[in-house]
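The values are calculated or read from the model by the stated rules, or taken from the named source; none is laboratory data. Keep in mind the model is a prediction, meaning the values are calculated, not measured. Reconstructed Cβ throughout: ideal geometry from the backbone, glycine too, with neighbour counts over all protein chains shown. Just so you know, the surface numbers come from the protein's heavy atoms only, side chains and all, with ligands and any DNA or RNA stripped out. Shrake-Rupley method; radii C 1.70, N 1.55, O 1.52, S 1.80 Å.
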Amino acid sequence: MSVASETPICMAVVLCNECIEDKRSNNKSLIGLFNAITVQTIPAMHPKMVVMVSITNASQTLSMVLSIRSPSGEEATHVEAQFPANDPLAAYDIVFELNGVLISEAGTYHVDILCGGSYLGGRRFDVYLTDAMEA
């Protein structure tokens, strides 16, 4: 089996508020990692969310898809991107910056990462509705 036909491997999916990338080293600093969001009303617009996906075993340009699904299964966000990869032994950190994620209901949301139509990995986050008096 050739290396080019191997399936990329997802090592991590991280959710945060901000990603700062050093231009010289390409190292990334992730700020405000989270597993849950609290909103005062439904529907709500989450102003900014960063999803960083770490993959390996990739040796050609990847057709990546990031999809966020609400608890009822409706797609809240869909992003498609081409990512160049050329070394199957390297670890690649792919950063998706999402502005204005629609929060249509409270509950568990699913972040799915697909490559070439195949599921690579994902994670979930919870959305809680809080009383405006508590905030």
Criterion violated by Ala76 - all others in (1) out of contact with any Leu (no Cβ under 8 Å at 6 or more places or on another chain); (2) touching a residue at least 24 places away in the same chain (Cβ under 8 Å) satisfied
(1)
May I ask you to list pairs of residues, at least six apart or on different chains, whose Cβ atoms are under 8 Å apart, with the first in the range 8-19 being in contact (Cβ under 8 Å) with a residue 60 or more places away in the chain and the second being aromatic (Phe, Trp, Tyr)?
Leu15/Phe34; Leu15/Phe125
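Being surrounded by 15 or more Cβ atoms within 10 Å (Cβ to Cβ) and out of contact with any Leu (no Cβ under 8 Å at 6 or more places or on another chain) is true for just one of Met64, Met11. Which residue is that? Walk me through it before giving the result.
Details: Met64 fails: out of contact with any Leu (no Cβ under 8 Å at 6 or more places or on another chain).
Unique residue meeting the criteria: Met11.
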Residue in the range 79-95 that is most open to solvent (accessible area, probe 1.4 Å), counting only those that are free of Cβ contacts under 8 Å to residues at least 60 places away in the same chain and outside any strand (DSSP E or B):
Leu89
Gly107 modelled with pLDDT of 95 or more, among the small types (Gly, Ala, Ser) and either farther than 27 Å from Ala36 by Cβ or in contact with an Asp or Glu (Cβ under 9 Å, 6 or more places away or on another chain) (or both)
yes
